[in-house]
Amino acid sequence: MTDEKAAPVSGSILVVGGGISGLTTALEAAEVGYEVFLVEKNPYLGGRVAQLNQYFPKLCPPTCGLEINFKRIKDNPRIKVLTLAEVEKVEGGPGNYAVSVKLKPRYVNENCTCCGACADACQTEIASDYDFGMKKIKAAYLPFAMAFPARFVIAPEIVGTEDGQRAKQACPYDAVELEMQPKTLTLNVGAVVWATGWVPYDAKKMDNLGFGRHANIITNMMMERLAAPNGPTQGKIARPSDGKAPESVAFVQCAGSRDENYLPYCSYICCMASLKQATYLRSQYPEAKIYIFYIDLRAPGLRYERFYETIKKDPNVFFIKGKVAEVSEDPSTGNITVVAENAVTGEKIHQAVEMVVLATGMQPSAAVKKLPAAVKTSPDGFIMNDYAAGGMLGAGCAHKPADVVSSNQNATGMALKAIQTLVRR
Amino acid sequence: MAERILVEPDLKFIKDLGILGGDDLKKCYQCATCSVACPISPDNKPFPRKEMIASSWGLKDKVVKSADPWLCHNCGDCSTRCPRKAKPADVLAAIRAQAIVEYSRPRWLAEAVNDPKKLPILIAIPVALFLVVGSITGLLNFKPDLSGGIAHYKFFSTWLVDMHMVPAMLFAVTVLALGLKRFVGDIHQNALAEGKTDQQTIEVAGFVQAVIRVIPTILTHKKFSECTENKDRYIAHFLTFWSFVGLFIVTSVIFLVLYGSYLLPTGPLHGPWAQINPIKWLANISGIALIVGTGMMIKSRLNKPDQKSAYKDWFLIGIAFGLGLTGMLTELTRIAGWAPVTFAMYFLHLICIFFLIAYLPFTKLAHLAYRTAAMVYSEYAGRKFVK
């Protein structure tokens with residue numbers, strides 16, 4: 001019986017989305033013996049977590065968690081990873097789906113050793129989506145140092161240009177293949193897990209919060225990139241207008257969340273994210289004044305509550321119960337004045353700060369771009385799971401706003417639900 | 001140990017606010033967006049966030065006996081920004097309606113004006129008075145001699161008109177004056193208790209100076225024009241306000257000329273006045289402005305699902321619009337020579353006037369007294385509500 005380690009396989013599982021939830025579902029299913037296709041639209045795995053500087057509440061870099069998962073994928077022959085891939089169509093029913101997946105060309109093959117010669121040769125620069133446009137990168141690039149698959153990407157902008165040729169000629173391993181064409185695959189799978197994640201809610205929609213009008217108003221995800229060692233400032237938190245080290249920062253909680261004009265639900269992570277980002281600032285600027293404007297601070301569970309208690313002890317972190325509803329910029333200094341009513345004292349506060357961080361929430365990707373399948377979603381775009389029917393399931397933040405640990409728990413559960421679909425057949 | 005406060009919620013107050021249009025009050029989660037969104041809310045103890053929580057807790061005295069709900073001009077910026085759609089603007093409007101009931105006497109009349117079921121009684125009062133008093137005195141003549149042309153006084157004597165309207169006005173002024181006296185005392189106590197003023201007492205000289213400073217703000221509708229939402233309401237209210245001023249001048253001149261002319265050897269000068277008379281111009285322009293202004297109000301209330309329109313709102317707009325409409329129709333049908341129609345219109349017009357005057361202290365129109373008093377008080381108290 002020693003050769004019967006694998007579970008009885010009666011079909012494959014497709015996991016859509018290679019963020020932390022998708023990775024978890026794929027690994028959990030594959031490690032009990034199921035064949036899994038993991039489809040990711042970016043050229044790399046890791047999703048939003050790969051953009052973070054640190055996890056809360058342990059304040060460790062996300063690479064440590066991702067690295068383990070990448071190793072598990074490498075070691076597992078049952079997982080087939082497809083990057084630059086998007087699901088176009090799903091046909092069939094539980095136990096028997098035919099899924100069309102479109103693969104965009106990477107223009108770099110598996111010969112790539114990440115030597116970087118192509119990037120050195122390339123002259124064109126493009127805005128980095130990974131850094132929310134805060135950094136220009138070469139059009140032949142590695143998404144980030146820890147990227148998996150560890151392989152460069154040639155941006156389609158330079159294909160067919162001299163720059164493309166330069167990159168190709170510079171490569172000592174014949175890894176640049178400018179002739180690559182888009183392909184469409186059909187995968188036959190028994191279950192589909194949608195781990196399509198979230199997008200940061202578009203902060204420009206809150207016209208009273210000044211994002212996009214004033215340079216020194218950024219979002220919490222931009223703050224992650226500013227603080228990250230592999231970010232646009234190599235980890236030094238500097239304000240965008242002049243690169244100055246901010247001496248005062250205001251955090252605007254519920255920027256678009258819990259608001260029927262925007263996202264009616266609580267995005268769950270933003271309070272903890274701002275508390276965490278307060279520690280980023282504190283570690284770099286021991287004297288900086290930090291103002292956190294909130295409606296209610298939500299630090300659920302014992303560990304998060306403790307984290308909040310620790311931050312509260314900092315004499316230069318000020319918590320103000322009152323939502324910021326107005327901002328203005330001093331054009332000569334670039335400083336921002338935020339206005340809120342302190343609901344505890346009943347006084348309106350006009351707080352001038354050097355930088356503002358909008359704690360914008362999560363919007364499920366399915367709300368921005370409809371999923372190409374008959375999946376039931378809530379009015380806000382979250383996938384509503386029908387466990388009795390099985391077949392297609394939402395996992396992680398595609399299902400509800402969640403932190404990493406809850407996403408992983410949920411994603412593990414969805415691996416089991418997907419397996420049940422196959423076994424029940 | 002911290003001071004102990006026993007909260008005694010007035011549950012009826014909360015319920016009544018709901019009937020008056022504040023039924024989304026409980027959705028409020030106290031984020032205070034409204035206080036910042038409000039273009040005219042002061043920095044010190046801004047509104048309407050504190051009114052939302054006090055109302056939700058049923059603390060009637062804290063809001064009804066405060067000047068702040070009256071500083072609001074109901075522009076609706078707070079309701080637009082409200083993340084919970086709790087409609088603070090409508091809650092403040094409902095608080096004001098409750099304050100009007102609170103400060104006017106007799107109480108039963110105030111409650112009747114706010115109760116749609118009592119409307120037939122309110123209409124029956126002037127109708128019965130006109131018919132009974134008119135028949136007994138013979139001042140109401142259903143078959144007048146119209147040989148000299150149609151003139152409304154031949155049908156409904158000016159004596160009969162003033163026999164009702166003058167006492168009605170004295171009644172309204174008395175009710176309002178008594179109400180204002182209590183109101184100003186209460187809002188001063190509230191301001192002291194909440195730290196909204198440094199003035200310990202109300203000095204007459206200073207108060208009069210505040211009146212003088214506030215009048216231009218009211219005449220130009222300066223506060224109204226600061227609102228970004230509902231800009232059309234500013235124009236509508238401006239037209240309606242000035243049409244009332246115009247009609248008040250017209251009525252006063254006609255009143256003085258009529259009773260003055262009894263001293264003349266030629267006898268009293270009755271209407272209708274000639275169309276070339278400047279007073280007639282003012283009357284016609286004001287009448288049209290009233291119809292247009294109130295018509296805009298009706299239109300905007302019908303088109304705004306965001307804003308609640310309660311009975312109290314329709315009651316006053318209905319009277320004002322009816323007043324303008326019946327007034328203009330009375331004139332037009334007289335010119336057309338349709339005697340029975342024009343007399344009927346005139347009768348309706350007089351009912352509208354009676355409504356407006358006699359019920360004034362109990363309707364939304366009482367805001368002309370309470371809001372003015374609140375604005376003057378806040379000016380006097382040094383409450384900076386001008387940004």
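Things to note:
Here is a yes/no grid of residues against (1) assigned to a loop (DSSP other than H, G, I, E, B); (2) more than 23 Å from A:Y268 (Cα to Cα):
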| site | (1), (2) |
| --- | --- |
| A:S332 | yes, yes |
| A:V339 | no, yes |
| A:V356 | no, no |
| A:Q363 | no, no |
| A:A367 | no, no |
| A:A374 | yes, yes |
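- Residue check, B:I121 in contact (Cβ under 8 Å) with a residue 12 or more places away in the chain and aliphatic (A, V, I, L, M): no
- Test for A:L358: is it exposed (fewer than 15 other Cβ atoms within 10 Å of the Cβ), more than 10 Å from chain B (Cβ to nearest Cβ) and under 30 Å from A:H399 (Cα atoms): no
- Unmet requirement for B:L269, which otherwise passes all of (1) exposed (fewer than 15 other Cβ atoms within 10 Å of the Cβ); (2) assigned to a helix (DSSP H, G or I): (2)
- Of the candidates A:E260, A:E287, the single residue that is of a type in the set (D, E) and either within 13 Å of another protein chain (Cβ to nearest Cβ) or without any contact (Cβ under 8 Å) to a residue 24 or more places away in the chain (or both) is A:E260.
- Checked against (1) buried (at least 18 other Cβ atoms within 10 Å of the Cβ); (2) in contact with an Asp or Glu (Cβ under 8 Å, 6 or more places away or on another chain); (3) within 14 Å of chain A (Cβ to nearest Cβ); (4) farther than 27 Å from B:I235 by Cβ, B:L17 passes all but a single condition, namely (3).
- Helices (runs of 4 or more DSSP H) contained entirely in region B:21-110, each with at least 2 residues that are facing chain A (nearest Cβ under 8 Å) and among the hydrophobic types (A, V, I, L, M, F, W, C): B:33-37
- Residue list for region B:309-355, filter: out of contact with any helix residue (DSSP H, G or I) (no Cβ under 6 Å at 6 or more places or on another chain), among the aromatic types (F, W, Y) and assigned to a helix (DSSP H, G or I): B:W314, B:F315, B:F347
- Matching residues, region A:132-157, being surrounded by 21 or more Cβ atoms within 10 Å (Cβ to Cβ) and charged (D, E, K, R): A:K138
- Residue match in region A:50-64 (condition: free of Cβ contacts under 8 Å to residues at least 24 places away in the same chain, part of a loop (DSSP other than H, G, I, E, B), among the hydrophobic types (A, V, I, L, M, F, W, C) and more than 29 Å from A:Y107 (Cα to Cα)): yes
- Residue within region A:175-195 that is without any contact (Cβ under 8 Å) to a residue 40 or more places away in the chain, touching a Cys at 6+ places or on another chain (Cβ under 7 Å), crowded, with 19+ Cβ neighbours inside 10 Å and not assigned by TED's automatic domain parsing to the domain that holds A:A85 present: no
- Take the conditions (1) small (G, A, S); (2) under 30 Å from A:A388 (Cα atoms); (3) crowded, with 18+ Cβ neighbours inside 10 Å; A:A117 misses just one of them, which is (2).
- All told, A:Y304 meets the bar of being closer than 30 Å to B:C34 by Cβ, in contact (Cβ under 8 Å) with a residue 40 or more places away in the chain and more than 14 Å from chain B (Cβ to nearest Cβ).
- Residue within region A:122-130 that is under 23 Å from the mean Cα position of the chain (by Cα), farther than 30 Å from A:V192 by Cα, part of a loop (DSSP other than H, G, I, E, B) and not assigned by TED's automatic domain parsing to the domain that holds A:A228 present: yes
- Test for A:A26: is it small (G, A, S), in contact with a Lys or Arg (Cβ under 7 Å, 6 or more places away or on another chain) and under 16 Å from A:A418 (Cα atoms): no
- Considering the conditions (1) more than 14 Å from chain B (Cβ to nearest Cβ); (2) hydrophobic (A, V, I, L, M, F, W, C); (3) in contact (Cβ under 8 Å) with a residue 60 or more places away in the chain, A:F382 is excluded by exactly one of them, (3).
- Of all residues in region B:295-302, none satisfies being buried (at least 21 other Cβ atoms within 10 Å of the Cβ) and either in a loop (DSSP other than H, G, I, E, B) or not hydrophobic (A, V, I, L, M, F, W, C) (or both).
The values are calculated or read from the model by the stated rules, or taken from the named source; none is laboratory data. Model, not experiment: these values are computed from the prediction. Positions of Cβ are backbone-derived with ideal geometry, glycine not excepted, and every protein chain shown enters the neighbour counts.
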